[in-house]
Amino acid sequence: MPAHLNDGELATLAAAMDLLVPRSGELGGADYVDQLLGAFTFDPPRIWAGGPFSGRRGGEGGFDRWIELGTAEGLSWRTRIEGSRGIAEREFNGPVTGLQERYRDGIASLGDDFASIAADEQQRRLDGCDEAFRDLLFAHACESLYGDPIYGGNRNGEGWASIGFAGDTQPRGWTDDEVTHGG
């Protein structure tokens, strides 16, 4: 169930991400962005996963226990994600356009039919959209593909596998041979 975007926006976002960084949308990139944009619909907000271990290689899994934000952290992240919205405490440095608005506008600029049109037309539209949005989308596509799967992207660790990274290995760690000769 989406946290912030609707199904059409998620499909558009996934298709655009795949154009910028192949397989990033397919492997959950749109879910990664959606979870970030809707972080404050969860309690605690889904900004930082807990720990110390994921549980994938032993130890008690703690990444799904999200860390509470302090007052200043909460204000900072809300401003980054939601924007200042004319709220005085969020505008101490002036008005801020949040990620939610930047994504809504960027996705809308690609068109409602973006996910269903031919790849060459998708590329033409993506090339013609706002450069700042494309840069944001590229950064989040990379983060989603190579970040921890708990954040919504890198489905089944396939992004890690594509670059030969075994993922988090704690608490087991790496053997001397793996460090010397690669895992």
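Residues in segment 80-109 that are touching a residue at least 40 places away in the same chain (Cβ under 8 Å) and of a type outside the set (Lys, Arg): 6 in all. Step by step: first the residues of segment 1-17, then only those that are surrounded by fewer than 17 Cβ atoms within 10 Å (Cβ to Cβ), without any contact (Cβ under 8 Å) to a residue 60 or more places away in the chain and not acidic (Asp, Glu), then the one that is farthest from residue 106 (Cα to Cα). Which residue is that? Across segment 1-17, the extreme among qualifying residues is 1. For residue 97, the conditions (1) of a type in the set (S, T, N, Q); (2) closer than 19 Å to residue 27 by Cα; (3) exposed (fewer than 15 other Cβ atoms within 10 Å of the Cβ) all hold with the exception of (2).
Selection of segment 32-48 for residues being in a loop (DSSP other than H, G, I, E, B) and surrounded by fewer than 17 Cβ atoms within 10 Å (Cβ to Cβ) yields 42, 43, 44, 48.
Filtering segment 44-73 to residues that are in contact (Cβ under 8 Å) with a residue 24 or more places away in the chain and more than 18 Å from residue 3 (Cα to Cα) leaves 52, 53, 54, 56, 57, 58, 59, 63, 68, 69, 73. Looking only at segment 143-183, which residues are surrounded by 12 or more Cβ atoms within 10 Å (Cβ to Cβ) and more than 29 Å from residue 42 (Cα to Cα)? Scanning segment 143-183 gives 161, 162, 165, 166, 172, 174, 178. Among the residues of segment 12-31, those identified as assigned to a helix (DSSP H, G or I) and either among the aromatic types (Phe, Trp, Tyr) or touching a Phe, Trp or Tyr at 6+ places or on another chain (Cβ under 8 Å) (or both) are 12, 13, 15, 16, 20.
Readers should treat all values here as calculations from the given coordinates under stated rules, not as data from a laboratory. Quick caveat: nothing in here was measured; it's all calculated off a predicted structure. Every residue, glycine as well, gets a Cβ built from its backbone with ideal geometry; the counts of neighbours run over all protein chains shown.
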